[in-house]
Every structure is written in structure tokens, then in C-alpha cells.
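These notes concern the structure reproduced below.
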Amino acid sequence: MPDSPDVKLKLNRISKTKSSSKKYDTTKLKLPEYQQAFKLELQNKFASLQELNSEDMETHWTAVKESYQKTAEATIGFHQKKSKPWISEESWRKVDERRNLKEKINSTKSERTKDKWRKEYEAADKKAKDKKKMGERTSKQGRKSSKKWQLERSL
């Protein structure tokens, strides 16, 4: 038996495909003006569907489905996900202030002014790294996520 070459196989990761179906912003239907506009447009579409009066159930169903989708898209639109910034503007401002003080320390040659800038830098550093506020923020987020997890688990 001749020597056979070694064969190596690599496994490829299958990436998760994102669902292409967009969700409609149904919260707008709670507002009376959107609700009324949706009803009116849907009634108009159904009136035109009754005139078609097709015998085939499949074509009738697709027509009804398309009329709902087009009406929802035209009147209420799609739900747009709102993401929060992971660092607030106030925190960015404190970090920039601290960075500017550090540059002043490095560019100054006099020891007296360096000591003055170092003291200001230490104070700005404490403000930028306020552990108490960060702890409160993370604990609040943790409580929210645990409540969400409990709700999902109960369903």
C-alpha cells in the first residue's frame, strides 16, 4: 500500500443569518390619528379586494396579506431600534479635560507649574473615574436585565 498524503479538514463556522423580516411600529396604533388613518386605508384596500372576488383561496390570501403589509408600511412604518451610547457625553467631556491636563503637564518645563497641573489632573482623574456613579449605573442595568430574563423565563 503506497503512502497516502495526510488530509486535513477545517471546519467552517456557520454564521447566524439575521432575520430579514422587519417589525412594524405597532405602538403608533395606540395614537388615535394613526389608528384612524390605518383603518381608513385598510378599508379602502378591502373594498377593492371585494371587487376582485377571486375563486382561488391562495391568491385571495396573498392579496389580503399584501394589503395589510402595504397599509402598515405606509401608515405606521417600521420599528427602528434605538441604541444608547455606552459612554455619556458628560463622561467624554471629563476624559477630554483629563487628557488636556496631561498634555499640559508633559509640555510644561517648570516644576512648580507641573505640580499645579498634577494636582488638577488628580482631581479630574477622580471625577472621570467616579466609581460610585459607575456602580449605580451597572447595578441598575443588572436589575433591568434580571427582570427581563425572569419575564422571558416565565413565558
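The values are calculated or read from the model by the stated rules, or taken from the named source; none is laboratory data. Here the structure is a predicted model, which means the values were calculated and not measured. Glycine gets a Cβ as well: all are built from the backbone with ideal geometry, and neighbour counts include every protein chain shown.
Some values worked out for this structure:
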quantity	calculated
Selection status of LYS65, in a helix (DSSP H, G or I) and charged (D, E, K, R)	yes
Yes/no for THR71 being in a helix (DSSP H, G or I), assigned by TED's automatic domain parsing to the domain that holds ALA47 and surrounded by fewer than 12 Cβ atoms within 10 Å (Cβ to Cβ)	no
Answer from GLU90, GLU58 - the residue that is in a helix (DSSP H, G or I) and under 33 Å from the mean Cα position of the chain (by Cα)	GLU90
Condition met for SER48 (small (Gly, Ala, Ser) and not in a helix (DSSP H, G or I))	no
First in segment 23-36 and in contact (Cβ under 8 Å) with a residue 60 or more places away in the chain and in the same structural domain as TYR68 (by TED's automatic domain parsing), second anywhere and among the polar types (S, T, N, Q) and in a helix (DSSP H, G or I), Cβ under 7 Å, 6 or more apart	none
Positions within segment 97-112 being surrounded by fewer than 12 Cβ atoms within 10 Å (Cβ to Cβ), of a type in the set (D, E, K, R) and assigned to a helix (DSSP H, G or I), in sequence order	GLU103, GLU111, ARG112
Residue that is farthest from TYR24 (Cα to Cα) [pool: residues in segment 62-115 that are among the β-branched types (Val, Ile, Thr) and without any contact (Cβ under 8 Å) to a residue 24 or more places away in the chain]	THR113
